[in-house]
2 protein chains.
Amino acid sequence: MYRNFKLVPNVIFGRGCFAQLDEIIEKQRTDTDAWAVFVTDEVFQGKDLEKKIPLHANDLLLWVNVDDEPKTSYVDQLTLTVKNTRSTLPCAVIGIGGGSSMDLAKAVALMLTNEGSSTLYQGWDLIKNPAIYHAAVPTLSGTGAEVSRTTVLTGPEKKLGMNSDYTVFDQVVLDPELIKNVPREQHFYTGMDCYIHCVESLEGTYLNEFSKSYGEKSIELCRQVFVDNHPDKDDKLMMASFFGGMSIAYSQVGACHALSYGLSYVLGTHHGIGCCITFDVLEEYYPAGVKEFRTMKETAGIDLPKGLTADLTDDQMETMITVALGLDPLWENCLGKDWKSIMTRDKARSLFLKI
Amino acid sequence: MYRNFKLVPNVIFGRGCFAQLDEIIEKQRTDTDAWAVFVTDEVFQGKDLEKKIPLHANDLLLWVNVDDEPKTSYVDQLTLTVKNTRSTLPCAVIGIGGGSSMDLAKAVALMLTNEGSSTLYQGWDLIKNPAIYHAAVPTLSGTGAEVSRTTVLTGPEKKLGMNSDYTVFDQVVLDPELIKNVPREQHFYTGMDCYIHCVESLEGTYLNEFSKSYGEKSIELCRQVFVDNHPDKDDKLMMASFFGGMSIAYSQVGACHALSYGLSYVLGTHHGIGCCITFDVLEEYYPAGVKEFRTMKETAGIDLPKGLTADLTDDQMETMITVALGLDPLWENCLGKDWKSIMTRDKARSLFLKI
């Protein structure tokens, strides 16, 4: 049984194509009361991008704070804000920002049509009703959130996505001009999220030719960005991210993502930097990938923080291990069906202690 | 202004995934009278594949003959056959075969909901109503018909596709096992269609990073198939075709496709072999591509027919030139905005005379 993979059905790519967003959303404004919600990273408040958001009179510009990774409580609160804004549901939800903002947009679009708290839907295919039409405008590239069928949320009990075909965006607007001013560290961490999940996918046991074709090209594009410093690096990183996301269709991430989920859950470490920190201690599992990663890290002049787990309480360490080892498919992809005999709690602890 | 590219929204890939077709179509059978049409290349009559088609009691198995490239008159006739089969429209049209069968399935799905002859819709965005749900099961790889927004038809006046977002399939079923028994020549001609349109796209003036990423990977996969004879060559050719089709999103084919359209229009030459014959005389425009093509041709042990235009009447030659030069975007992509001063009627004639 193979998964029938749901793709984003509409993609526009090109320098300056953000200017076409209004025209694209217009098709959803089928009656005079129609209104849209722009879920936008508050880092853009007062910036050029804010002025370019095609806001109509009835629309809601919903600034979001992504200092913390998206939480289920925050999703529930944002959904309530949208519901309380007007008596009708919006015709479109547009996420403008990085992986967290895009995931918040997906989550709000889903929760507007599915009752109860978002904690009820953390898992696989638990969503019952189609979402509100939702579109993504990435301003950071690497996470693959623009094409994935998940929205990763930290709940009271777990960090786990709402995975469903309904989660997938209806439209993606890929404008490489939007990522040209990303701060150096953020650019590296998010780009490496892409590089790392492609390594995990390509080295994994789940791989087939569909995922391989996308993953290999994504890694090649990452090299052009982070090794060659190619003049078209913004365009290339945007495509690397898109291909990296597509690569996950028939594969899975692996050890790095699993461990980094534990790290994020306990310490709130952001996903991109969390993956970098974790990947750096995984040469045993991904020798070639970790070697190349370190070269890219040096080229970019990045120093990763160290000693993150030095002051953990025993309880925190046990929670970190439990969250990481709870992600069965990731470990199975990395280590095969017998993964439990290889990645014991002690082994996981020893890896976390290196971080 | 960039095109908002419509992708096939659902793709399943995997060896043996054809067995999941019934379950996939089932979702379209929303009432008890629902029936599906399987537009299938008649080459499979009495073959194993026929037995595996998931035909329900009310369904229509519509065998199609693709000895000739799809004609508008044939599309109109098939559409009428479907309309006359039952009083309701089918819930799904599934194309099983190569580029011609898939194009016929697309065309029938469109013409069931759009009035008049298919000749009315040859062009760009002339289709008014959404098509019947339509799915593709390629049994030949290379044309990219499984992902394209066109269905190429030969009408009384022109060879031109019905290009529209509605043309795009709703579902593609990519099962590499279905292409393992393709005859050697056909395998080569169709595979080269992919290789050639990627060369035309990558060497063209329209290219951007989206199309480049897809085109480059597609060519790499073609090399693994036709140079390396890779053990996974069926999987790889299927992905090469998919990527080749995606590559055309923001680019265009070029001189080879333009000239081969003229050849097909006058002599009825099939598209794959027509592209091979034409590409072989285009070293002036695609030197590296033609060189590599010739290596692949030798590796595959293929002899191309020669002297095709030797016995043409003057009228036939003039028609061939007119059809080929009528494809403005293809020439502009190949030669730039001043293409008319480069590709004169005399120049086109001299190229056709080499064929």
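The values are calculated or read from the model by the stated rules, or taken from the named source; none is laboratory data. Everything quoted here is computed from the prediction, not taken from an experiment. Don't worry about glycine lacking a Cβ; one is built from the backbone with ideal geometry, like all the others, and counts go over all protein chains shown. To get the accessible areas, we keep the full protein, side chains included, count just its heavy atoms, and leave off ligands, DNA and RNA. Shrake-Rupley method; radii C 1.70, N 1.55, O 1.52, S 1.80 Å.
Indicate the gyration tensor shape class of the range A:198-355 (rounded, prolate or oblate), computed on the Cα atoms with a ≥ b ≥ c the square roots of the eigenvalues: a/c under 1.5 is rounded; otherwise a/b larger than b/c is prolate and the rest oblate.
In terms of gyration-tensor shape, oblate.
Any idea how far the Cα center of the range B:248-305 sits from the one of the range B:120-165, in Å?
The range B:248-305 and the range B:120-165 have Cα centres spaced 21 Å from each other.
Going by amide H atoms built from the backbone, whose H comes under 5 Å of the H on B:Phe5, apart from near neighbours?
Hits under the 5 Å cutoff: A:Val11, A:Ile12, A:Phe13.
Which residues does the label zone of B:Asn129 cover in the range B:102-122, counting backbone N under 19 Å from a point 7 Å along Cα→Cβ?
Under 19 Å, as judged by backbone N against the label point of B:Asn129, lie B:105-122 of the range B:102-122.
Can you give the FRET efficiency for B:Asp303 and A:Lys340, using 1/(1 + (r/R0)^6), R0 = 60 Å, r = Cβ-Cβ distance, to the nearest 0.05?
It comes to 0.55.
Return one number: the angle in degrees, 0 to 90 and rounded to the nearest 10, between the long axis of the Cα atoms of helix A:287-300 and the longest principal axis of the Cα atoms of chain A.
60 degrees
Give me the angle, in degrees from 0 to 90, between the Cα long axis of helix A:345-354 and the longest principal axis of the Cα atoms of chain A, rounded to the nearest 10.
It is inclined by approximately 80 degrees.
Across the range A:120-272, how many lysine pairs, 8 or more apart or on two chains, come within less than 21 Å at their alpha-carbon atoms?
7
I need the shape label for chain A. Rule: rounded when a/c is under 1.5, else prolate if a/b > b/c, else oblate, with a, b, c from the alpha carbon gyration tensor.
prolate
If r is the Cβ-Cβ distance from A:Lys291 to A:Asn229 and R0 is 30 Å, what FRET efficiency results, to the nearest 0.05?
Once rounded, the FRET efficiency stands at 0.95.
Would you calculate a helix-derived [θ] at 222 nm for the protein assembly as shown, using -39,500 (n - 2.57) for each DSSP H run of n ≥ 4 and dividing by the full residue count, to the nearest 500?
-13500 deg cm²/dmol
With both partners inside chain A, how many of the DSSP beta bridges are antiparallel, as a percent to the nearest 5?
Bridges in chain A that DSSP calls antiparallel: roughly 10 percent.
Classify the range A:1-95 as rounded, prolate or oblate from the Cα gyration tensor: take a ≥ b ≥ c as the square roots of its eigenvalues, call it rounded if a/c is under 1.5, otherwise prolate when a/b beats b/c and oblate if not.
rounded
Give me a comma-separated list of calculated 3J(HN,Hα) values for the range A:59-68, in order, Karplus coefficients 6.51, -1.76, 1.60 applied at θ = phi - 60°, integers in Hz, x for any Gly or Pro.
Residue by residue, the range A:59-68 yields 6, 10, 9, 9, 6, 10, 9, 10, 4, 9 Hz.
I'd like the accessible area for B:Thr143, computed on protein heavy atoms only with a 1.4 Å probe and all protein chains in place. Round to 10 Å², please.
Probe radius 1.4 Å; accessible area of B:Thr143 about 40 Å².
Apply 1/(1 + (r/R0)^6) to the Cβ-Cβ distance of B:Thr85 and A:Asp31, taking R0 = 30 Å, and write down the FRET efficiency to the nearest 0.05.
E(calc), rounded to 0.05, equals 0.20.
Any idea what the dipole of the protein assembly as shown comes to, in debye rounded to 20, about its Cα centre with Lys/Arg Cβ at +1 and Asp/Glu Cβ at -1?
Using Cβ point charges on Lys, Arg, Asp and Glu, the protein assembly as shown gives about 20 debye.
Can you work out the Karplus-derived ³J(HN,Hα) for every residue in the range A:118-125? Use 6.51 cos²θ - 1.76 cosθ + 1.60 with θ = phi - 60°, whole Hz, and x for glycine or proline.
Values per residue, Gly and Pro as x: 5, 4, 5, 10, 6, x, 10, 6 Hz.
Viscosity 1.002 mPa s, temperature 20 °C: Stokes-Einstein D of the range B:81-124 from its Kirkwood Cα radius, in µm² per second?
Rounded, D is 187 µm²/s.
Which of B:Arg345, B:Arg149, B:Arg184 moves most in a GNM of chain B, Cα contacts under 10 Å?
Judging by the Gaussian network model, the answer is B:Arg184.
Can you give the mean number of other chain Cβ atoms that lie within 10 Å of the Cβ atoms in peptide B:206-214?
6
Give me the percent of the accessible area of the range B:305-355 that comes from carbon and sulfur atoms, probe 1.4 Å, all protein chains in place.
Its accessible area is 53 percent carbon and sulfur atoms.
When the solvent-accessible surface of protein heavy atoms is calculated with a 1.4 angstrom probe, in what order do A:His230, A:His270, A:His134 fall, highest first?
The most accessible residue leads, giving A:His270, A:His230, A:His134.
Could you work out how much longer the chain between B:Arg3 and B:Lys47 gets when fully extended? Use 0.36 nm per residue separation minus the Cα distance between them, nm to one decimal.
11.7 nm
Using a 10 angstrom cutoff on alpha carbons, build the Gaussian network for chain A and name the most mobile of A:Ala36, A:Ala288, A:Ala92.
Fluctuation is largest for A:Ala288.
Most fluctuating residue of B:Leu263, B:Leu120, B:Leu325 in a GNM of chain B with Cα springs under 10 Å: which is it?
Taking springs between Cα atoms under 10 Å, the residue moving most is B:Leu120.
What are the GluC sites (Glu not before Pro) within the range B:197-296 that DSSP puts in a loop, where the Cβ has at most 12 other Cβ atoms within 10 Å?
B:Glu284
Tell me, what HN-Hα J-couplings in whole Hz come from the Karplus equation 6.51 cos²θ - 1.76 cosθ + 1.60 at θ = phi - 60° for each residue of the range A:188-205, using x for Gly and Pro?
So the Karplus estimates, Gly and Pro as x, are 5, 4, 6, x, 5, 3, 5, 4, 5, 5, 6, 4, 4, 5, 5, 8, x, 7 Hz.
Toward the positive end of the charge dipole of chain B, about the Cα centre and with charges on Cβ (Lys, Arg +1; Asp, Glu -1), which of B:Leu304, B:Ser211, B:Thr85 goes farthest?
B:Ser211
DSSP loop (so not H, G, I, E, B), at most 14 other Cβ within 10 Å: list which trypsin sites (Lys or Arg not before Pro) in the range A:65-146 pass both filters.
Here the sparse-neighbourhood loop sites are A:Arg86, A:Lys128.
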